[in-house]
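These notes are about the structure you will find just below.
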Amino acid sequence: MQTADVSNLTDTALAQGLTEREVLERRAHGLGNTAPPPSTRSYWRILSENVFTFINMSLFGLGFALVLLGRWADGLVSTGVISLNVLVSVVQEIRAKRVLDRVALLTRPTATVIRDGKQRVLSPSELVVGDVLKVSSGDQIVVDGRIIGDERIGVDESLLTGESDPVLKRGGDKVYSGSLCLTGTAHYVAEHVSVNSLAHQITAGAHAFRRILTPLQQEIHLVIRIMLLIVIYLEFLSTITALIHHANLSDSVADSTLLAGLVPNGLLLSIAVAYALGAVRILRYGALVQQANAIESLSHVDVLCLDKTGTLTTNRLRVNGHHPLGASSDELEDVLGTLAASTASPNQTTAAIAAMWPRPRRSPSAEIPFSSARKWSAEAFDDTEQSGQHTLRGVYVLGAPETLLPHLSGEGAELWPHIASVMGALTEQGLRVVLLAQAQASEPLEDRGDDSQAPNDLRPLGLVSFRDELRPEAQEALAAFMRAGVHPKIISGDNPETVASLARQAGLDPDIEVISGPDLEQMSEEEFATAAESGVIFGRTTPRQKEKLVRALRQRGHYVAVIGDGVNDVLSLKQAQLAIAMQSGSQATRSVADLILMQDSFAVLAPAVREGQRILSGMQSILKLFLARISSVGLVVLSSMVIGTFPLEVRQGSMVTLFSVGIPTVALAVWTHPRPEPQGSVVRRLIGFFFPAAIFTSAIGVTLFVSVYLIHVLETPGAFLSRTLLLLPSAEPVAQTSLTYFIVSCGLFLVIFVEPPTRWWVGGSQLSGDWRPTWLAVGLLAAMLICSLTPPLRTIFALSPLGLREYALLAAALIVWLFALRFTWRLHLLDRFLAVGDGVVPGRAN
């Protein structure tokens, strides 16, 4: 039981919080909160997902069956290759997990707790029932509790209820873990923790394993399912052939093992390793990956929406100056300083004012905290409150001038042309401007969240201008994005001209289109979508308008990333395909983000985009190798049903897998370099690579197999006249070995074709210029040669010694294969035959 009655605690006890002794006693009675779930997969889950797959278990089972049937070498080699691939993947993922776990500790939500009368910042796992916690704007509520005192806050409970409208919470009201404080500051006492919290009860059935596949993962799963169906059919044909020829059981099991190995389950391991390595690489740039698909998303982004404050700028304001209107300079400074010192919900604006004009704190009779939706805050004082030589009377409202215009009195409205003139001159300099106004309110000030109403008899007292500090890397980062084809859009709650001035300083076009939130409000749905497409600067926008802009861009077919740091960015972050938060921003933004910028600099996203391109490029290269190997061996096996003998032994099949895809694909996942994705269909590019490779590999390979076989038959007296021409036992091992070497060699040459080091090798892929895959292929070719010359190694892979004649035939077959494949790719013969591409068939007038 993890609840306790805290309703009888006195105000004094609540103000002091719990003592350390009480905390220990409550934890001993099971009243403590539990640690949050890990942000990465557990060690057991990594191991189980890599080992206990359907294909792996099938291959392990077939290998065990071979051992039981006395073919222990076949069984051990076939399962050994699979085990090696699994081991490499597990090690890579565990290494990535450890790095990410260490850094993820920095992004976990914290709680401000009152204990022994002092404030302490603790992890949620250290809380107990009865703890008194303080929550302010932007903080996450980490346990269920009850507001104490007469404080009030605005809370976003959308994670629990699905309703994003702020909920006003007063003294005695319940607050729930998983909700976010939007406005105000309050204290609450923890009443329910862990399994008894509302969030846990709602999500109790959601902890079962669920995987959301990225587009790349969906393509890979489709390939695996298709190949599984093909393998099942080949297994059926193999069974029929075995029954017709009365094959023994061990040979049938060996053939089934070879066929099962055609299913490319290693692709899933490759993408997991690529994502894990990408997350670690991006971490070095200063970005923490919270969702694995964020890495892939980076390479698809074509629109980047960012806020001004805290993103384009350093989130630090400095007072530039003040401009009295209906008050003296001294009075304006006194009132501003007192408002900033007295607010219960400080922000960047009040912090800058307090630093410029420090004044003693007063006790307002009422307060409405600032809201990004309203664009203003208010504090009420009675006649007895004084600041310096000036008495504070009535309601003081501080906010965006244009939003307060409808509430100005007749005299204040007459001043508006002058206010607009001064404000225009300031915003042209890239300054932020707020208006301070006063009202002798006849009705009490009432906080109704975003529905709060300002008094309608406001008298302007003065303008205050602030200077944003542009991030030093902003200009270079925006230029890098635009060079990469990513279009930046700045969506801010500040004055549009102020935002535009800063954007021009950051390097954007001086003629950029500037649109204001009030203008957006008057537009139809079609006009809004057009404005979202054409506009670059959006000022005085509300959180709802930010969200709507992102949704409109997505509906126009764009892949949208949003960078935010404040609570007002949460809605747009949720709507984006890639949500990015600043580390120094609110817990609300970090909790919904796919990526967190640990150094608060969006400049790290430029190399991170290249990292996403690296992963996509690497996975496409890996897909090409897997598909070429699968289709080649599959066609060879299919051809064997016509020849009448199986062309490969199971251990030889393991050698093909290890040398042609096992080792190279792991290396490519690590070495692959970023490059822009070519235009056109990914599927068409894959088919254009592996289909010619499979046709030539299988056709020339089967020809080589039959040629070597027939040579040995012709050398056997009387065998040529035998009706069992292709069942000569002595000829079959040599022919199988020759075919094995040929397929492995073709696979290694394909590694070079996938990452061409020079233009001569360009055919099925773009020029890479990276020699590492080439040297790997050469090294593996040398390793294969060593295996062919070393009897113990030949025995491991069931290889037979070859003579000069066989090596000559093998070399001739490889030369024919190499030039035929290069010729086919260079002349786009497959495109000619299929009449695909840009609509023009090469060699034919259009």
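Sequence-ordered 3J(HN,Hα) estimates for the range 136-145 from the Karplus curve with 6.51, -1.76 and 1.60 and θ = phi - 60° stand at 10, 3, x, 8, 8, 7, 9, 9, 5, x Hz, glycine and proline given as x.
You can think of it this way: the chain between Val816 and Leu229 has 208.1 nm of extra reach, that is 0.36 nm per residue less the Cα-Cα gap. When only alpha carbons of the range 340-480 are considered, Rg and Dmax amount to 16.4, 57 Å. Database remark: amide H of Gly394 closer than 5 angstrom to the amide H of Phe381 (H placed geometrically; neighbours at sequence offset of 5 or more, or on other chains; Pro and chain starts carry no H).
Computed over the Cα atoms of the range 483-630, pair by distinct pair, the Kirkwood hydrodynamic radius stands at 16.8 angstrom.
Report the gain in length on full extension from Glu526 to Gln429: 0.36 nm times residue separation, minus Cα-Cα distance, nm rounded to one decimal.
31.6 nm
With a Förster radius of 25 Å applied to the C-beta separation of Thr110 and Ser363, the computed FRET efficiency comes to 0.30.
Residues whose amide H lies under 5 Å from that of Gly326, counting only those 5 or more places away or on a different chain, are Leu461, Gly462; hydrogens are built 1.01 Å from N in the peptide plane. Taking all protein chains as shown and a probe of 1.4 angstrom, His300 keeps an accessible surface of around 60 Å².
Sort the following peptides by mean Cβ neighbour count (other Cβ atoms within 10 Å, averaged over residues), highest first: 494-501, 771-778.
Top to bottom by mean Cβ count within 10 Å: 494-501, 771-778.
Between Arg832 and His673, the modelled label-to-label distance comes to 3.2 nm, taking each label 7 Å out from Cα in the direction of the beta carbon. Sorted largest first, the principal axis extents computed over the alpha-carbon atoms of the range 420-566 equal 57, 33, 27 Å. Between Val155 and Val167, Leu168, Lys169, Leu182, the built amide H atoms are under 5 Å apart, and every one of these is 5 or more places off in sequence or on another chain. These residues, Asp334, Asp511, go from largest to smallest accessible area, 1.4 Å probe, as Asp511, Asp334. Spin-label model, Gln766 to Gln16: label points 7 Å out along the Cα-to-beta-carbon direction sit 6.9 nm apart.
Farthest towards the positive end of the charge dipole of the range 417-529, among the residues Pro472, Leu426, Ala506, is the Cα of Pro472, using unit charges on the Cβ of Lys, Arg, Asp and Glu. For Ile796, the accessible area of its heavy atoms, probed at 1.4 Å with every protein chain present, is near 80 square angstrom. Length gained on full extension, Gln453 to Ile796: 115.2 nm, using 0.36 nm per residue less the C-alpha separation. A simple spin-label model places pseudo-atoms 7 Å from Cα toward Cβ; at Glu25 and Phe64 they are separated by 5.6 nm.
In units of the compact-protein estimate 2.2 N^0.38 Å, the range 305-368 shows a Cα radius of gyration of 1.27.
The values are calculated or read from the model by the stated rules, or taken from the named source; none is laboratory data. Computed from a predicted model, the values in this text were never measured in an experiment. With ideal geometry, Cβ positions are generated from the backbone for all residues, glycine too; neighbour counts draw on all protein chains shown. Only protein heavy atoms, including side chains, enter the accessible area calculation; ligands, DNA and RNA are left aside. Shrake-Rupley method; radii C 1.70, N 1.55, O 1.52, S 1.80 Å.
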